[in-house]
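Notes follow the structure.
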Amino acid sequence: MKTITTLFTTYLLLLTAIASSAIADNKTETITTGWLEGVLLQPGNIRMRAKLDTGAKTSSLHALEIERFERDGEQWVRFNTGPHSKKSQMKPIESPLVREVKIKDHLLNPTIRPVIEMTFCMHNQLFTGEFSLVDRSPFNYPMLLGRRLLEQGVIIDPSKTFTVKTSENTCSQILASSQEVSHSISPNTEK
């Protein structure tokens, strides 16, 4: 039994090293972007325009019909998102609630927004970060990428827009391989 446990532990350590390497390889390239770029929000390769904003700390995402609910004792959020100019392209998403953030506006009363973790693909690289959910219809762009997310290796050239290319096929392959690696790390707990 001790040999099986040792082998299993060695197997898990090896898989963790492979996963860390695969994830690190995806993040090694620092990219230079414009202040406005196209991204593919995951899951579902939802094509959106994102404003890259070093003046914002937290990223935000266009969300309609935001509903909080409980699943397995945890707080979750259900909402619709997509390009706000094309309501027919809105897609439903459910995600665990990470936290809530209080947003202050000098003209309005402060609001409490749910914050979730989302992944998107830009320049054929995956990025993951926290997004506050809000109806961004009054704004020009459905996604705003703030400093916390941009610290993952994004440099902004404010004189440019739409400088990086993002392929749906490549992003789907990268996402699938990263999910395969993360699923292979989780030990099967069924007996």
Check your understanding: Once amide H atoms are placed 1.01 Å from N in the peptide plane, what residues at a sequence separation of 5 or more from GLY44, or on another chain, have their amide H within under 5 Å of its amide H?
Key -> none
Check your understanding: If you average the sequence gap of Cα pairs under 8 Å that are 6 or more apart and divide by the length of the range 118-182, what percent do you get for the contact order?
Key -> 44
Point to revise | Net charge of Cβ neighbours under 11 Å - reference TRP76; Lys, Arg +1; Asp, Glu -1 | key: -2
Study note, to complete from the structure: Taking R0 as 25 Å and r as the Cβ-Cβ distance between GLN89 and ILE155, the FRET efficiency 1/(1 + (r/R0)^6), rounded to the nearest 0.05, comes to 0.25
Revision key, fill the gap. In terms of the alpha carbon gyration tensor, root eigenvalues a ≥ b ≥ c, rounded if a/c is under 1.5 and otherwise prolate when a/b exceeds b/c or oblate, the range 140-181 is prolate
Practice item. Using packing as a proxy for protection, rank 110-119, 58-67 so that the peptide with the highest average count of other Cβ atoms within 10 Å comes first. Key: 58-67, 110-119
Point to revise | Over the range 31-166, relative contact order from alpha-carbon pairs under 8 Å, at least 6 apart, % | key: 38
**Study point:** Contour excess over end-to-end distance, with Cα ends at SER177 and LYS104 and 0.36 nm allotted per residue
**Key:** 22.3 nm
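All of the numbers you see were taken from the coordinates with simple rules; none came from a lab. Small disclaimer: the values here were computed from a predicted structure and weren't measured. Cβ coordinates were reconstructed from backbone atoms using ideal geometry, including for glycine residues, and neighbour counts include every protein chain displayed.
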